[in-house]
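One structure below.
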Amino acid sequence: MKQELPPFKDRAESLLDFVYRGPWHCPPIHISREANTYWHINHRGYLSTYDGDLLTRFVLGAHHYCLRVSVAPSGPGMVQVRIHNRKGRDGDLYERHPTIQQAIDSAELPEGERK
């Protein structure tokens, strides 16, 4: 049975709360004219995977909340992080988002290097 996802707004807010460890640390949110399409923030500084783990938290949270996250240049010292709505785990490429385990299983690391 297909599980109904919470509304995009709730999932996007939960993702940003998870990444920034609470709403008070999150940069201002910009909502697209088509509010169910995407939101974006302009993050100042680095995004990294371990020491200052916001990039890892974006990836893990995106897979958990079934949201696509993209990163692009934004301005001096900033990157834009877009949060795109996805309808579920199944469907067309631009409508679905895998779980983190599905993404790990589909990653093709060089032979002998996966640990």
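The values are calculated or read from the model by the stated rules, or taken from the named source; none is laboratory data. The structure presented is a predicted model; accordingly, all values stated were derived computationally and were not measured. Glycine also receives a Cβ, built like all others from the backbone with ideal geometry; neighbour counts cover every protein chain displayed.
Would you check if there is a residue in the range 48-58 being surrounded by 15 or more Cβ atoms within 10 Å (Cβ to Cβ) and under 13 Å from Phe8 (Cα atoms)?
Within the range 48-58, the first condition is being surrounded by 15 or more Cβ atoms within 10 Å (Cβ to Cβ), and the residues that meet it are 54-55, 57-58.
Retained after the next criterion (residues that are under 13 Å from Phe8 (Cα atoms)): none.
No, the range 48-58 contains no residue that is surrounded by 15 or more Cβ atoms within 10 Å (Cβ to Cβ) and under 13 Å from Phe8 (Cα atoms).
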Checklist line | Within the range 25-40, tally of residues that are out of contact with any strand residue (DSSP E or B) (no Cβ under 7 Å at 6 or more places or on another chain) and either outside any loop (DSSP other than H, G, I, E, B) or polar (S, T, N, Q) (or both) | finding: 1
Notebook entry, point to check: Is there any pair with a first residue in the range 71-100 that is in a loop (DSSP other than H, G, I, E, B) and a second that is surrounded by 11 or more Cβ atoms within 10 Å (Cβ to Cβ) and among the acidic types (Asp, Glu) whose Cβ atoms are under 7 Å apart and which are 6 or more apart or on different chains, and what are they?
Noted result: Arg86/Glu95; Lys87/Glu95
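Can you tell me which residues in the range 52-67 are assigned to a loop (DSSP other than H, G, I, E, B) and under 17 Å from Thr99 (Cα atoms)? Outline the logic, then answer.
Within the range 52-67, the subset assigned to a loop (DSSP other than H, G, I, E, B) is 52-53, 66.
Cys66, the sole residue that qualifies.
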Check: Within the range 1-44, restricting attention to residues that are within 20 Å of Gly91 (Cβ to Cβ) and of a type in the set (Lys, Arg), which residue is modelled with the highest pLDDT?
Finding: Arg11
Check: All but one of (1) among the polar types (S, T, N, Q); (2) out of contact with any Pro (no Cβ under 8 Å at 6 or more places or on another chain); (3) in a strand (DSSP E or B) hold for Thr49; which doesn't?
Finding: (3)
Next item on the list: Show the residue pairs that are 6+ apart or on different chains and have beta-carbon atoms under 6 Å apart, the first residue being within the range 10-36 and without any contact (Cβ under 8 Å) to a residue 12 or more places away in the chain, the second being hydrophobic (A, V, I, L, M, F, W, C) and buried (at least 17 other Cβ atoms within 10 Å of the Cβ).
Entry: Ile31/Trp39
Margin query: Tell me whether the range 84-97 contains one or more residues that are within 12 Å of the chain's Cα centre (by Cα) and either aromatic (Phe, Trp, Tyr) or over 20 Å from Gln3 (Cα atoms) (or both).
Written below: no
Note to self: Quick check on Leu5: is it among the aliphatic types (A, V, I, L, M) and either in a loop (DSSP other than H, G, I, E, B) or at positive phi (or both)?
What the structure shows: yes
Notebook entry, point to check: If you go through the range 11-24, how many residues are surrounded by fewer than 15 Cβ atoms within 10 Å (Cβ to Cβ) and assigned to a helix (DSSP H, G or I)?
Noted result: 2
Next item on the list: Would you point out the residue of the range 1-43, among those that are more than 16 Å from the chain's Cα centre (by Cα) and among the acidic types (Asp, Glu), that is farthest from Arg82 (Cα to Cα)?
Entry: Glu4
